[in-house]
Amino acid sequence: MSGKAYIREMPKTTWWLSHSRYRRYVAREVTCIPIGIYTAVLIWGLMRLSQGAAAWEGFIEALNSPLSILFHLVAFVFAVVHTISWFNVTPSAMRVQIGEDFAPGAVIIGAHYTGWVVVSLIVLFMAGV
Amino acid sequence: MEKIQIDIAIVGAGGAGLRAAIALAESDPNLRIALLSKVYPMRSHTCAAEGGAAGVIKGDDSLDLHFSDTVGGGDWLCDQDAVEYFINEAPKELTQLEHWGCPWSREPDGSVAVRPFGGMKIKRTWFAADKSGFHILHTLFQTSLQYPSIRRFDEFYTTDLLVEDGRCQGCTAIEMSTGLMYQFQAKSVIVCTGGAGRIFSFTTNGAIKTGDGMALAFRAGVALKDMEFVQYHPTGLPGTGILLTEGCRGEGGILVNKHGYRYLQDYGMGPEPPLGEPVLKTMELGPRDRLCQAFWHEQRKGNTVSTQWGDCVHLDLRHLGEKKINERLPFVRDLSISYVGKDPVHDLIPIRPVVHYMMGGIHTDINAATTMPGLYAAGECACVSINGANRLGSNSLTELLVFGKRAALNAIEYISSGGKDVDDAAVTKLANEAQGRITTLFQKSNGTETISGLRKEMTDTMEQGAGIYRTEESLKETCNKLNELRSRFSAVELNDKSNVFNTDLFSALELGAMLDVAETVAVGALERKESRGSHQRLDHTQRDDNNYLKHTVAYHDKTDPPRIDYLDVVITKSKPGVRDYSGDKK
Amino acid sequence: MSERQVEVEILRYDPETDQAPKLQSYSVPCQEEWVVLDAITYIKDHIDTTVSFRWSCHMAVCGSCGMMVNGEPALSCKSFLRDYPDKIRIEPLAHFPIVRDLVVQLDDFMEKLNRVKPYIIPKEKKSVSDGQHKQSPAQLKAFKQYTLCINCTLCYAACPQYGLVPDFIGPAAMALAHRYNLDSRDGGREQRQEVVATDEGVWECSFVGACSEVCPKQVDPAGAIQQMKIASTVDWYKEHLMPWSKP
């Protein structure tokens, strides 16, 4: 083949700015960062719990700061956005064929939401709410 | 010039070419095979076939019925020995495709489903929804990938056959991405380049269907046979010429004129059955030639609907319902909504006859062999002939399988019989001459003609003079025009002087091929003073078995129009009779 | 029929004369019902015969005429002018090397297609004389969607992952692997897994989903790849947690 074909390099760091589709994708991926931080906080809390009552209370104290509350709110919103964006794509990733037809997307998405609610209720129940 | 030495070269990588290549590779893994095509295999026009492929498989069907539907449909111009071979092989080939993964539509019990097509006494068309050709092509292409001995040369445009000592010993081809010419030295060549619908202005055929392979063989001295028989398809979308499959009518669609009247009953194809209860081989399930002729008469009577794209009639699928349309005709729905803004579920679809298929082609015998030793042809570019004067819908997809394979097996037999070595020196000289012709075309200056201008004049004169109905006068005019265009073609100059993917050059080569092929159509039609199948003469309205139960063969002449001769039709068991599409109720 | 003047900009490149591609503008008198391809063929026939591009069927099934139309991968034969403003920019499909003008190099795609073994590797040997396989409409439907790929490569032009990591096998080829894996006649999944369940295969996909958005045939390659990820993950757990379950 001809050796002089022209290659258009993709800018390695800014490529995602070029199209709204890519920006949406990056936004979806970014939402996992606060979730990751939240998980780290949770693990830190567990560690404090293992270190005795005083350590645990210090941890609870820290959670009460306005900055911490703000962070948790942000993390919660991002977690919801992240969850919804993933639930929305589950029908193509998890096809369920019943007889000849595939279960409608709404059913599969609905099943995920149902599972989410059920798990949340169990957690809340265990937490004694 | 690079020299590639192989055993067998296949020119064209559509359905027939791929089937041939697989047959070669399966027969002998040591065979050196070159598969050349001016496009990637999956772009070949086989992909645009929609309705399906005919083959006897169901208990209520019989080979005899397939035989009589084919021969009667072809107005007795078919070679009956070839038809017999074809219908016998058809079910095997379709089953073979099933084994290779073709997603044929299925009955609830898991067996392959069949649908009715026009001109069939019993339904026997295997189908993959309404993308049968697409699935056949992709199944063949993907299957071919497992054979390392099939060496593909994608986007290589074949310019000449190399004929030395009366034998075909290869071909020359230009690698489109570099402009370099290659010499393919082969003991045998199989031409599978498809049809030439692009010689007309209004056609279902894609841009690539320019009759290149027909012209290759023709110029090498092999005759083109029965070229005057050009099939119009009754249901093309106006404007674009996009095909809506005969499966539309097979599934129960009807044709109505501007009064909402099923006009086919006025043309010997009635009586009209109730809506939703189609009767095979009558009305909308009549043969393509008759349906197109009926349209022509309706147009003359003022019964057509005038649209922004010209006169149309309507295809009505609404009574099939959304579910059936989505399941059986999803592509038709998509095409109709996109290209004419009509949803078949709710709307009438405007349609009109459109050039679809060439019954004629490179003259081959039942072995897919041409009269030139070493040269074989299969598929639409060939004329075996099983299609006669009018092809039965859904025979062509099966044909490319049956005769693609046949060509391959016979080519192997030919080369293994010894003494088929390529004369390197002589063939190289020929290749250099071919290269010289391209260079001359490439370097020519002071040209006065444009490719698109000549092409338009050609397609216009074909449409006007050699369409559904023809007369001596219209044909003479077209023949004169084509002869003139052929001489004006030498004044074409290329604007594009790049060696890289020079589509200007390939358009010019394609135009040259089309002009040669078009002339065989027009001259053949002028000389055939009768009406048979798709060839209808207003000045000779009857079939004339005494004088024209014969194949037309056209031979190339460098400057003059093609020389016409005739060959006998092979008739084994079906004497010419009346084509009756009025059902059993007389 | 109404006519409309459309400014069509085409990215031109001829390796014999150009260092880099550049846009060239044409003013084209267009019919209202035209598609973008019609405007380009008009240019070729009436304004500038040196423009190079691929096309054939004009009915969205041969897959030849994929281009970037206003930055979006599309089949130009099914991109209606009525959906575009009076200025249209046409470029060769993104992420592929440009051979000439709108013609891109497909060698890499063809090689990848080949690598996933997109053909039936029979579960059991069967000759033609044994007749056809039984395949229920439900079994057919399980993979039918993934047979609809026309190899137009719009998905590769849309996929940023392919643009960034050229070794990625990419959407269309993997959807085809999935198509054969799901076919009731096929027994070749294990062979395909060697290619597909790898870093260059499914695990390179980060589920941007662009491939499925631009697919003109609704094949949904992104879905196919996610399904293969799930199946590969299940394989892994089975192998490590239940080694006895391996046949």
Fill in the blank from the handout: Residues of segment A:20-29 being more than 7 Å from chain C (Cβ to nearest Cβ) and surrounded by 12 or more Cβ atoms within 10 Å (Cβ to Cβ), in sequence order, are A:23, A:24, A:26, A:27, A:28, A:29
Completion exercise
Of the residues in segment C:122-163 that are among the β-branched types (Val, Ile, Thr) and crowded, with 18+ Cβ neighbours inside 10 Å, the one that is farthest from the other protein chains (Cβ to nearest Cβ) is C:153
Exercise for the section: Can you work out which of the residues in segment A:30-53 that are β-branched (Val, Ile, Thr) and open to solvent by less than 70 Å² (accessible area, probe 1.4 Å) is farthest from the other protein chains (Cβ to nearest Cβ)? Expected result: A:41
Exercise for the section: Just give me the residues in segment B:493-524 being closer than 14 Å to residue B:177 by Cα and not in a loop (DSSP other than H, G, I, E, B), in sequence order. Expected result: B:503, B:504, B:505, B:506
Completion exercise
Reported set for segment A:76-99 where residues are within 14 Å of chain C (Cβ to nearest Cβ) and exposed (fewer than 14 other Cβ atoms within 10 Å of the Cβ) is A:88, A:96, A:97, A:98, A:99
Completion exercise
For segment A:68-124 the number of residues that are touching a Pro at 6+ places or on another chain (Cβ under 6 Å) and not in a helix (DSSP H, G or I) is 1
Practice task
Would you check if there is a residue in segment B:104-118 being of a type outside the set (A, V, I, L, M), away from every other protein chain (no Cβ under 11 Å) and in contact with a strand residue (DSSP E or B) (Cβ under 6 Å, 6 or more places away or on another chain)?
Solution key: yes
Handout entry: Identity of the residue in segment C:184-220, among the hydroxyl-bearing types (Ser, Thr, Tyr) and touching a Pro at 6+ places or on another chain (Cβ under 9 Å), that ends up surrounded by the most Cβ atoms within 10 Å (Cβ to Cβ)
Key = C:212
Handout entry: Given (1) open to solvent by 10 Å² or more (accessible area, probe 1.4 Å); (2) closer than 22 Å to residue B:468 by Cβ; (3) away from chain C (no Cβ under 14 Å), number of the condition residue B:209 does not satisfy
Key = (3)
Fill in the blank from the handout: Those residues of segment B:93-103 which are free of Cβ contacts under 8 Å to residues at least 60 places away in the same chain and facing chain C (nearest Cβ under 8 Å) amount to B:95, B:98, B:99, B:100, B:101, B:103
Exercise for the section: Among the numbered conditions (1) open to solvent by less than 10 Å² (accessible area, probe 1.4 Å); (2) assigned to a helix (DSSP H, G or I); (3) out of contact with any helix residue (DSSP H, G or I) (no Cβ under 7 Å at 6 or more places or on another chain), tell me where residue B:321 comes up short. Expected result: (1)
Handout entry: Options B:553, B:521, B:569; residue that is closer than 23 Å to residue B:477 by Cα and either modelled with pLDDT under 95 or touching a Leu at 6+ places or on another chain (Cβ under 7 Å) (or both)
Key = B:553
Practice task
Being hydroxyl-bearing (Ser, Thr, Tyr) and out of contact with any helix residue (DSSP H, G or I) (no Cβ under 6 Å at 6 or more places or on another chain) is the filter here, so list the residues in segment B:94-138 that pass it.
Solution key: B:105, B:111, B:125, B:132
Handout entry: Where residue C:119 falls short, out of the listed (1) aromatic (Phe, Trp, Tyr); (2) in a helix (DSSP H, G or I); (3) assigned by TED's automatic domain parsing to the domain that holds residue C:181
Key = (2)
Problem - Members of segment B:56-74 that are surrounded by fewer than 24 Cβ atoms within 10 Å (Cβ to Cβ) and in a loop (DSSP other than H, G, I, E, B) - result: B:56, B:57, B:58, B:59, B:60, B:61, B:62
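Listed here are the residues, each with its yes/no results for (1) within 27 Å of residue B:535 (Cα to Cα); (2) outside the structural domain of residue B:535 (by TED's automatic domain parsing); (3) surrounded by 13 or more Cβ atoms within 10 Å (Cβ to Cβ); (4) touching a residue at least 40 places away in the same chain (Cβ under 8 Å).
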{"residue": "B:438", "(1), (2), (3), (4)": "no, yes, yes, yes"}
{"residue": "B:451", "(1), (2), (3), (4)": "no, no, yes, yes"}
{"residue": "B:456", "(1), (2), (3), (4)": "yes, no, yes, yes"}
{"residue": "B:494", "(1), (2), (3), (4)": "no, no, yes, yes"}
Handout entry: Positions within segment B:12-55 being more than 21 Å from the chain's Cα centre (by Cα), open to solvent by 20 Å² or more (accessible area, probe 1.4 Å) and within 13 Å of chain C (Cβ to nearest Cβ), in sequence order
Key = B:26
Exercise for the section: Tell me, yes or no, whether segment B:413-430 has at least one residue that is within 29 Å of the chain's Cα centre (by Cα) and charged (D, E, K, R). Expected result: yes
Fill in the blank from the handout: How many residues of segment B:175-221 are hydrophobic (A, V, I, L, M, F, W, C), under 22 Å from residue B:74 (Cβ atoms) and assigned to a loop (DSSP other than H, G, I, E, B)? The answer is 3
Exercise for the section: Examine segment C:209-216 for a residue that is among the hydrophobic types (A, V, I, L, M, F, W, C), more than 30 Å from residue B:107 (Cα to Cα), in contact (Cβ under 8 Å) with a residue 60 or more places away in the chain and facing another protein chain (nearest Cβ under 10 Å), and state whether such a residue exists. Expected result: yes
Handout entry: Residue pairs meeting the criteria (Cβ under 9 Å; at least 6 apart or on separate chains; first in contact (Cβ under 8 Å) with a residue 40 or more places away in the chain and within 13 Å of another protein chain (Cβ to nearest Cβ), in segment C:222-241; second surrounded by fewer than 18 Cβ atoms within 10 Å (Cβ to Cβ) and in a helix (DSSP H, G or I))
Key = C:222/C:213
Practice task
Look at residue B:313 and say whether it is touching a helix residue (DSSP H, G or I) at 6+ places or on another chain (Cβ under 9 Å), closer than 27 Å to residue C:82 by Cα and of a type in the set (Val, Ile, Thr).
Solution key: yes
Problem - Cross-chain or 6+ apart pairs with Cβ under 7 Å, segment C:37-59 first and more than 16 Å from residue B:505 (Cα to Cα) and within 7 Å of chain B (Cβ to nearest Cβ), then small (Gly, Ala, Ser) and part of a loop (DSSP other than H, G, I, E, B) - result: C:56/B:206; C:56/B:207; C:56/C:64; C:57/B:206; C:58/B:206
Practice task
Quick one: which residue in C:217, C:144, C:125, C:229 is at pLDDT 95 or above and in a loop (DSSP other than H, G, I, E, B)?
Solution key: C:217
Problem - Restricting segment B:53-79 to residues that are acidic (Asp, Glu) and touching a residue at least 60 places away in the same chain (Cβ under 8 Å), the residue that is farthest from residue B:117 (Cα to Cα) - result: B:79
Completion exercise
Apart from one, (1) under 20 Å from residue B:496 (Cβ atoms); (2) within 14 Å of chain A (Cβ to nearest Cβ) all hold for residue C:25; the odd one out is (2)
Problem - Condition check for residue A:56: over 22 Å from residue C:206 (Cα atoms), touching a residue at least 12 places away in the same chain (Cβ under 8 Å) and either away from chain C (no Cβ under 14 Å) or open to solvent by 80 Å² or more (accessible area, probe 1.4 Å) (or both) - result: no
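The values are calculated or read from the model by the stated rules, or taken from the named source; none is laboratory data. The model shown is predicted, which means the values in this text are computed figures rather than measured ones. Here the Cβ is made from the backbone with ideal geometry for all residues, glycine too, and neighbour counts use every protein chain on show. Note: areas computed on protein heavy atoms with side chains; ligands, DNA, RNA excluded. Shrake-Rupley method; radii C 1.70, N 1.55, O 1.52, S 1.80 Å.
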